[in-house]
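Visitor: Starting off with a structure, shown below.
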Amino acid sequence: MGASNGAEAPTALPNNAVDLILCDSNMRIMNGLECMRQMATVESAKGVPVVTMAGNDSEAHVVQTLSASVRGCILQPFTLHQVKERVLPLLGKKP
């Protein structure tokens, strides 16, 4: 499942089973932090690990994002290895 902007993601979740949510912190229409807050209220998303991808964000923004029930943050630019290290353990797999 994918969403083209922050406002689409929370509305698409009830109709799709997901194992992991990757959320960009800088999206159109609704920023990543607000999107994650709204997704957290969706019953089908409860307990689903969330990892945010943050660009040139300030340290305060990253801390705020991590305090919003996010299980990890991948800072951009990132490598495939960094994504695997952060995501695979959340799916119960070894990197």
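The values are calculated or read from the model by the stated rules, or taken from the named source; none is laboratory data. Owing to the predicted nature of the structure, the values given are computational and were not obtained by experimental measurement. When we count neighbours, we look across all protein chains shown, and the Cβ atoms used for this are built from the backbone with ideal geometry, even at glycine.
Visitor: Mind listing just one residue for me: the one in the range 41-53 that is modelled with pLDDT of 80 or more and buried (at least 16 other Cβ atoms within 10 Å of the Cβ) and, of those, farthest from residue 72 (Cα to Cα)?
Guide: Ranking the candidates gives 48 first.
Visitor: If residue 2 satisfies all but one of (1) closer than 18 Å to residue 83 by Cβ; (2) touching a residue at least 24 places away in the same chain (Cβ under 8 Å), what's the number of the condition it fails?
Guide: Condition (2) is where residue 2 drops out.
Visitor: Oh, and also: Are any residues in the range 86-95 surrounded by 14 or more Cβ atoms within 10 Å (Cβ to Cβ) and not basic (Lys, Arg), and if so, which ones? Give the derivation first.
Guide: In the first step, residues of the range 86-95 are kept if they are surrounded by 14 or more Cβ atoms within 10 Å (Cβ to Cβ); the result is 86-87, 89-90.
The answer is 87, 89, 90.
Visitor: Turning to a different aspect of this structure: Failed condition for residue 65, given (1) modelled with pLDDT of 85 or more; (2) hydroxyl-bearing (Ser, Thr, Tyr); (3) crowded, with 18+ Cβ neighbours inside 10 Å, with all others met?
Guide: Single failed check for residue 65: (1).
Visitor: Related question: Which numbered condition in (1) small (Gly, Ala, Ser); (2) surrounded by fewer than 19 Cβ atoms within 10 Å (Cβ to Cβ); (3) in contact with a His (Cβ under 9 Å, 6 or more places away or on another chain) is the only one that residue 25 fails?
Guide: Only one criterion is unmet by residue 25, namely (2).
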